[in-house]
1. Report yes if some residue within the range 13-23 is in contact with a Pro (Cβ under 7 Å, 6 or more places away or on another chain), open to solvent by 10 Å² or more (accessible area, probe 1.4 Å) and not in a strand (DSSP E or B); otherwise report no.
2. Quick one: which strands (runs of 3 or more DSSP E) lie wholly within the range 47-112 and hold at least 1 residues that are of a type in the set (A, V, I, L, M) and touching a strand residue (DSSP E or B) at 6+ places or on another chain (Cβ under 7 Å)?
3. Looking at (1) in contact with a helix residue (DSSP H, G or I) (Cβ under 7 Å, 6 or more places away or on another chain); (2) assigned to a helix (DSSP H, G or I), which one does PHE37 not meet, given that it meets all the others?
4. Does TYR100 satisfy being within 22 Å of VAL121 (Cβ to Cβ) and not basic (Lys, Arg)?
5. Checking ASP71 against (1) closer than 13 Å to PHE47 by Cα; (2) free of Cβ contacts under 8 Å to residues at least 40 places away in the same chain; (3) open to solvent by less than 60 Å² (accessible area, probe 1.4 Å), only one condition comes out false. Which one?
Amino acid sequence: QVQLVESGGGLVQAGGSLRLSCAASGHTFSALAMGWFRQAPGKEREFVAAISWSGGNYADSVKGRFTISRDNGKNTVYLQMKSLKPEDTAVYYCAANNDYYGNYVSSTRYNYWGQGTQVTVSS
């Protein structure tokens, strides 16, 4: 069973930056594809970014502003967020699946989820 723990959320002004981290345990981390999703109040959970042996994948709304990366030695995936906008405000969730090439957009393709971390961007 994979456990995922997010950290790094908080309150930031528009135009600022944050880096989210997600520490994984319970599985060979390098074999996992990792993703970030977010859910704003009253909205459905949406794809943000993913990384696997296929490379990175980003939602159009965050391309050029967010960067996903991983450190297999630390069993951690990161989401560097820059030029933040109020519409980026959401709970951000880390997710994982067992597919080497699984940088999927659909949340249904992910088996494991973290508890979420709140990101609030003030205008």
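1. yes
2. Per the criteria, 66-71, 76-81, 90-97.
3. For PHE37, the failing item is (2).
4. The answer is no for TYR100.
5. Going through the list (1) closer than 13 Å to PHE47 by Cα; (2) free of Cβ contacts under 8 Å to residues at least 40 places away in the same chain; (3) open to solvent by less than 60 Å² (accessible area, probe 1.4 Å), ASP71 breaks only (1).
The values are calculated or read from the model by the stated rules, or taken from the named source; none is laboratory data. Fair warning: this is a prediction, and the values are worked out from it, not measured in the lab. So basically every Cβ, Gly included, is an ideal-geometry build from the backbone, and we count neighbours across all protein chains shown. With ligands, DNA and RNA removed, areas are computed over all heavy atoms of the protein, side chains included. Shrake-Rupley method; radii C 1.70, N 1.55, O 1.52, S 1.80 Å.
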